[in-house]
Amino acid sequence: MPHRSPFVFAVAARVSNLAVLALCALSLPAHAQTWTLAWSDEFNGSAHSAIDSAKWQFEYGDLKVNDELEWYCGPSDDAKNQPPCNSSPASNAFIDGQGHLVIQAFRITPDTAPSSKAWTSARMNTANNLASFQYGRIEARIKLPVGPGIWPAFWALGTNIAKVDWPGSGEIDFMENVPASGRLGPKTVKSTIHGPTYFGGDGLGQDYVFPSGSDVTAFHTYGAIWSPSMVQFYVDDPANVFFVRTASDVPGGPTQWAFNHPFFLLLNLAIGGKGSWPGAPDSTTPSPAKMLVDYVRVYKSSAVSAPLMTASPITLSAAGEGSSTLHLKAVSGGGLVYLECSGAPEGATCAIDSGNALNSHIVDFRASAIATATVRVTTTSGTARAVPSTRLGTHTLSVTAFTLSGDTSTVAIPLAAN
């Protein structure tokens, strides 16, 4: 790249002091965030009317996952049902005529239980070209059963050319719940992402604890705002975000981010599983155990203008560190924005720290039009000379901002390693 005069770095402090004034002089981005309903199932049919086969398909039998104890069945009118599936109106999945999908698990007797399974239940999905989604706001309003061994979930799996390649293709758990013996209980649910280097017990997740007077036995909305390089989880209100993960948070960094392709949705009620998650059912486990789903909805975001950004140049000190304050301007109401830094020379790393309590790689434009973050460069050994001699001189860092709609902006920051 062209050589830059040392004068650029001599005036770095002055540039930093002027950054806010320069940013304020720029034109304000034009578009805040709005949502449009793109797909839904409201389950508003009459009692025991057919579940929409254009939206959902069912999985059957012993899926041989997690040492679970259920045999999966479909609706009572499904020809794929095999014993011990219940063919009566009180089947494992049905419309109740009151605006709900009911998924229920039944205890079965040993003489009717195939593969040593002790329960029947239902698991349904939108796979095989029924519906797949890439980005948006995805939510379901659900009332959960509680009891030993009960494991309800609302989740999504990634597809790679029409097949599931877990964990490489990714998993988003909008909500799962297990008994207190599995650490959660009726007051707590968990949201998690799984990918190629972070799956199973090493998945990146967080618990949500309900406020006093509320628990999973009442209807609650469980959802996530999924955008390029970021997933935000919420309960009851999209503004009630309690957990955020970005491409910079996953082990191995952005190249291991598994959420940049289509996913399909799943609803299921499992019984039992490995170890204490969720633990085994017992004589107190309700049969039937009923999971009620009021609706499943997917919203698409309008275009959200990317923020305008300025930053002063960075000079690596003798200690091998340097930083700059990034100033951002956007439209209030634009939501959370993910920041990613790249272009650090060999022997150095670049990181973003916004100071945000939810996640240090994001800035918050939900109720503000101005934000700041620190761009920090550090050499691996702690001295500027750790940068190989072939990399000494002037370089350019890039900081890219990603909005909810995938709109981006980039600022170039000169970096001197002397």
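The values are calculated or read from the model by the stated rules, or taken from the named source; none is laboratory data. Worth saying up front: this structure is predicted, and the values here are computed from it rather than measured. Neighbour counts run over all protein chains shown; Cβ positions are idealised from the backbone, glycine included. Keep in mind that these areas ignore ligands, DNA and RNA; they rest on the heavy atoms of the full protein, side chains included. Shrake-Rupley method; radii C 1.70, N 1.55, O 1.52, S 1.80 Å.
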Pseudo-spin-label distance N356 to A319, built 7 Å along Cα→Cβ, given in nm, is 2.8 nm
The extension gain from W39 to Q256, computed as 0.36 nm times the residue separation minus the Cα-Cα distance, is 75.2 nm
Two pseudo-spin positions, 7 Å from Cα along C-beta at S332 and at K290, lie apart in nanometres by 4.6 nm
Rounded to whole angstroms and listed largest first, the alpha-carbon spread of the chain along its three principal axes comes to 84, 44, 42
Under Stokes-Einstein, segment 203-247 at 10 °C and 1.306 mPa s, with its Kirkwood radius over C-alpha pairs, diffuses with a coefficient in µm²/s of 138 µm²/s
Taking protein heavy atoms only, a 1.4 Å probe, and rounding to whole percent, the accessible area of the chain owed to carbon and sulfur comes out at 52 percent
The helix 12-25 Cα axis meets the longest alpha-carbon principal axis of the chain at an angle in degrees, between 0 and 90 and rounded to 10, of 60 degrees
Stretched fully, the stretch from F219 through K80 gains (0.36 nm per residue minus C-alpha distance, one decimal, in nm) 46.9 nm
Here the relative contact order (percent) of the chain, from C-alpha pairs under 8 Å and at least 6 apart, is 19 percent
In Å, the Kirkwood estimate of hydrodynamic radius for segment 232-326 over Cα pairs equals 19.8 Å
Taking 0.36 nm per residue of separation between A367 and D52 and subtracting their Cα-Cα distance, the length gained on full extension comes to 109.5 nm
Of the listed links K55/K187; K55/K290; K64/K300; K64/K290; K274/K300; K64/K190, those spanning more than 25 angstrom between alpha carbons are K55/K187; K64/K300; K274/K300
Taking trypsin sites (Lys or Arg not before Pro) as exposed when in a DSSP loop with at most 10 other Cβ atoms inside 10 Å, the chain has its longest clean stretch at 164-418
Contact order relative to length for segment 330-418, counting C-alpha pairs under 8 Å separated by 6 or more residues, stands in percent at 33 percent
In Å², rounded to a whole number, the accessible area per residue of the chain with probe 1.4 Å is 41 Å²
Summing -39500 (n - 2.57) over every DSSP H run of at least 4 residues in the chain and dividing by its residue count gives a helix-only mean residue ellipticity at 222 nm, to the nearest 500 deg cm²/dmol, of -1000 deg cm²/dmol
